[in-house]
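Notes follow once the structure below has been shown.
The values are calculated or read from the model by the stated rules, or taken from the named source; none is laboratory data. Keep in mind that what you see is a predicted model, and the values were worked out from it rather than measured. Virtual Cβ from ideal backbone geometry, glycine too; neighbours counted across all protein chains shown. With ligands, DNA and RNA removed, areas are computed over all heavy atoms of the protein, side chains included. Shrake-Rupley method; radii C 1.70, N 1.55, O 1.52, S 1.80 Å.
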Amino acid sequence: MNAISARKWRSDRRGSSPRTLALRLQEGFSAPEWPDCDRPAFVRQWSDLARAVMSPNPFNEPWFALPGLRAFDPEGDVRIASLVKDGRLVGLLPVTASTRYHGRPLPHLAGWSHANSFCGEPLILPGFEQEFWRGLLAWADRESGFATFFHLNGIPADSPTLAALQAVCKDQGRAPAIVHREDRAVLNHGLSPEEHLAAAASKKRRKDWSRRLRRLGEEGDLRFSRHDDAEGLETWIEEFLALERTGWKGAENSALACDPRTEALFRDSLTGAAQAGRLQRLAYHLDGKPVVMLASFVAPPHAFSFKTAYDEELARFSPGVLLQLENLAMLEREDIALTDSCAAPDHPMIDHIWRDRREIVKVSIPIGGRIGRWVGTALTSFEARRLENRS
């Protein structure tokens with residue numbers, strides 16, 4: 001957020017007594033700065049909401065969102081758009097303001113995220129979707145300033161919250177535009193792991209993977225582990241960070257441990273996820289040393305593969321593939337209908353194993369007064385047409 005917008009947003013809070021701020025959180029729509037929401041009473045309701053939504057998003061749950069906010073927004077500029085009904089939190093989305101849009105000088109409001117957050121969907125209790133969007137868009141109109149559109153990033157195209165947003169925009173005469181689409185590899189519940197693998201890969205390829213696993217086992221004492229609790233978590237985190245840093249990400253200074261902010265995010269989010277019962281960890285160890293590791297967030301009915309790392313000196317054994325074969329056990333869980341790879345489109349490894357796809361979109365909605373919405377509609381329509389022309 002630029003300095004002018006930051007000062008403007010902070011000015012709303014100056015002079016407010018703790019009682020006034022507490023009242024704002026009790027009923028209706030509000031958008032307090034995130035540090036005011038980092039309190040036990042609010043976080044409890046936030047956690048309860050996350051477990052009650054129809055379309056889960058662990059990246060907007062408090063154990064992940066708050067470490068990210070502490071790391072990447074220490075000044076407290078990000079707001080927590082919240083809808084409270086009868087004293088209960090029923091809708092939530094971190095939001096921010098920016099003067100830059102994909103490198104261009106375009107002021108806009110947006111759902112807040114960072115490079116290690118792979119879903120931007122808000123948390124909304126079923127039945128309150130349209131009321132949340134009406135409150136958010138009315139607030140965005142009032143707070144727009146020079147911004148002419150509100151941008152949402154990383155929204156599943158089949159999400160009921162997106163359908164509700166489109167319905168509200170239709171009622172209000174707004175023209176929301178899908179400005180980016182991508183297909184992400186997912187696992188849909190239905191087939192067994194064996195059936196899925198037989199359909200996804202040829203017999204020759206499956207035999208080759210079995211051979212690589214045997215050969216890796218011949219290198220020493222090979223052990224597979226799966227943890228759904230906090231047992232040995234601190235050691236596991238240390239091993240993961242060190243393993244990732246030894247590879248190409250470390251060489252390019254993009255490994256989590258290369259930046260104290262991303263390292264803190266990883267440590268705190270995995271610890272918080274484990275405490276919330278939302279973490280699953282898979283790993284292969286060879287003679288006690290990690291070969292490949294995977295951390296996933298489990299938020300029934302969905303799961304999300306968060307971070308993986310492997311020993312590049314053992315790349316000839318395809319350790320990433322071998323661990324993903326073990327991860328197919330997600331298909332056996334009755335509480336998980338979909339597992340999101342969180343991988344980039346056309347991923348060279350995961351696309352060979354995960355056959356299903358889920359469309360992820362970016363959406364922009366005109367905001368502001370009559371002129372602002374007209375400009376926003378023109379901008380977002382132009383971007384949407386460019387997307388269609390590229391398709």
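Tell me, please, whether a residue that is modelled with pLDDT of 95 or more, open to solvent by 20 Å² or more (accessible area, probe 1.4 Å), assigned to a helix (DSSP H, G or I) and among the aliphatic types (A, V, I, L, M) can be found in region 132-143. Yes, there is a match, as at least one residue in region 132-143 is modelled with pLDDT of 95 or more, open to solvent by 20 Å² or more (accessible area, probe 1.4 Å), assigned to a helix (DSSP H, G or I) and among the aliphatic types (A, V, I, L, M).
A count restricted to region 329-356 and to residues that are open to solvent by less than 60 Å² (accessible area, probe 1.4 Å), out of contact with any helix residue (DSSP H, G or I) (no Cβ under 9 Å at 6 or more places or on another chain) and free of Cβ contacts under 8 Å to residues at least 60 places away in the same chain stands at 0. Tallying residues that are more than 30 Å from residue 308 (Cβ to Cβ) and either open to solvent by 10 Å² or more (accessible area, probe 1.4 Å) or more than 19 Å from the chain's Cα centre (by Cα) (or both) within region 99-131 yields 15. Of the residues contained in region 53-69, one or more are found to be open to solvent by 20 Å² or more (accessible area, probe 1.4 Å), over 22 Å from residue 143 (Cα atoms) and hydrophobic (A, V, I, L, M, F, W, C). Scanning region 173-195 for residues that are surrounded by 16 or more Cβ atoms within 10 Å (Cβ to Cβ) and part of a helix (DSSP H, G or I) yields a single hit, 193. Condition test on residue 189, is it over 26 Å from residue 256 (Cβ atoms) and touching a Ser or Thr at 6+ places or on another chain (Cβ under 8 Å)? Criteria not met by residue 189. Inspection of region 179-199 identifies at least one residue that is under 30 Å from residue 79 (Cβ atoms) and touching a helix residue (DSSP H, G or I) at 6+ places or on another chain (Cβ under 6 Å). Of all the listed residues (224, 146), the sole one being open to solvent by 50 Å² or more (accessible area, probe 1.4 Å), at pLDDT below 95 and either outside any helix (DSSP H, G or I) or under 30 Å from residue 315 (Cα atoms) (or both) is 146. Of the residues 359, 312, 326, which single one is in contact (Cβ under 8 Å) with a residue 60 or more places away in the chain, surrounded by fewer than 16 Cβ atoms within 10 Å (Cβ to Cβ) and closer than 24 Å to residue 285 by Cα? When all the criteria are applied, what remains is 312.
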